[in-house]
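The next block holds one structure in the form of structure tokens; read it before the comments.
The values are calculated or read from the model by the stated rules, or taken from the named source; none is laboratory data. Just so you know, these numbers come straight off a predicted model, no measurement behind them. In this analysis, Cβ positions are derived from the backbone assuming ideal geometry, glycine residues included, and neighbour counts consider all displayed protein chains. For the accessible areas, the whole protein counts, side chains as well, though only heavy atoms, and no ligand, DNA or RNA atoms are used. Shrake-Rupley method; radii C 1.70, N 1.55, O 1.52, S 1.80 Å.
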Amino acid sequence: MRVAGAAKLVVAVAVFLLTFYVISQVFEIKMDASLGNLFARSALDTAARSTKPPRYKCGISKACPEKHFAFKMASGAANVVGPKICLEDNVLMSGVKNNVGRGINVALVNDVAPFIEFLKSIQDGTIVLMGTYDDGATKLNDEARRLIAELGSTSITNLGFRDNWVFCGGKGIKTKSPFEQHIKNNKDTNKYEGWPEVVEMEGCIPQKQD
């Protein structure tokens, strides 16, 4: 009887140890798999973060060189969405800021007389960014167009009713500005009923050298 009891005890202990061993092996495998998945996800997240494209000022496509200002601007869309002007990552004018209006947006003016006085008051070395909204041409006279041309614009003389136009120039510029986009209002090609598509432009403006 004692031998049988001892044998049962040995069998029970063996079964317990075998069960413990199997459970520990399965648990270790699951832990290894979980840790493997965790490290794999971590590696993928790190790779995704490292391949995320960098963001440059104003959301332009590439970084500007030293001693250049980054800018991005867009004309208005029909008479619904106002123009947007960003300089050095600061949104100067936009519909969200509620500081744009119908016409040429440099400052919110509705009459050509104060607009001309404003243009005349611009000091040498000043960067000027302009964008149309709805119609920027109807109220322009020859003097206003001449003053804008002196800022480096080549398209201002041809700016017509409901054309879309963005421009970046400067007072005292010696050559014509390379930063200008102009789309004519044409019923055959207009994107919106009565207005052309939005025109956008971005770039890097050289800072004034003393």
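Inside the stretch 178-191, residues that are surrounded by fewer than 17 Cβ atoms within 10 Å (Cβ to Cβ), under 23 Å from the mean Cα position of the chain (by Cα) and not charged (D, E, K, R) make up a count of 1. Of all residue pairs spaced 6 or more apart or on separate chains, those with beta-carbon atoms under 6 Å, a first member in the stretch 182-210 that is charged (D, E, K, R) and a second member that is part of a strand (DSSP E or B) are E200/A74; E202/K72.
Scan the stretch 162-181 and tell me whether some residue there is touching a Phe, Trp or Tyr at 6+ places or on another chain (Cβ under 6 Å), in contact (Cβ under 8 Å) with a residue 24 or more places away in the chain and among the aliphatic types (A, V, I, L, M). Within the stretch 162-181, not a single residue is touching a Phe, Trp or Tyr at 6+ places or on another chain (Cβ under 6 Å), in contact (Cβ under 8 Å) with a residue 24 or more places away in the chain and among the aliphatic types (A, V, I, L, M).
Taking the stretch 120-162 on its own, how many of its residues are open to solvent by less than 10 Å² (accessible area, probe 1.4 Å) and in a helix (DSSP H, G or I)? Count: 3. Among the residues making up the stretch 105-118, those that are open to solvent by less than 20 Å² (accessible area, probe 1.4 Å) and closer than 17 Å to I85 by Cβ are N105, F115. For the stretch 133-175, filtered to residues that are under 25 Å from the mean Cα position of the chain (by Cα) and of a type in the set (A, V, I, L, M, F, W, C), the residue that is farthest from N190 (Cα to Cα) is C168.
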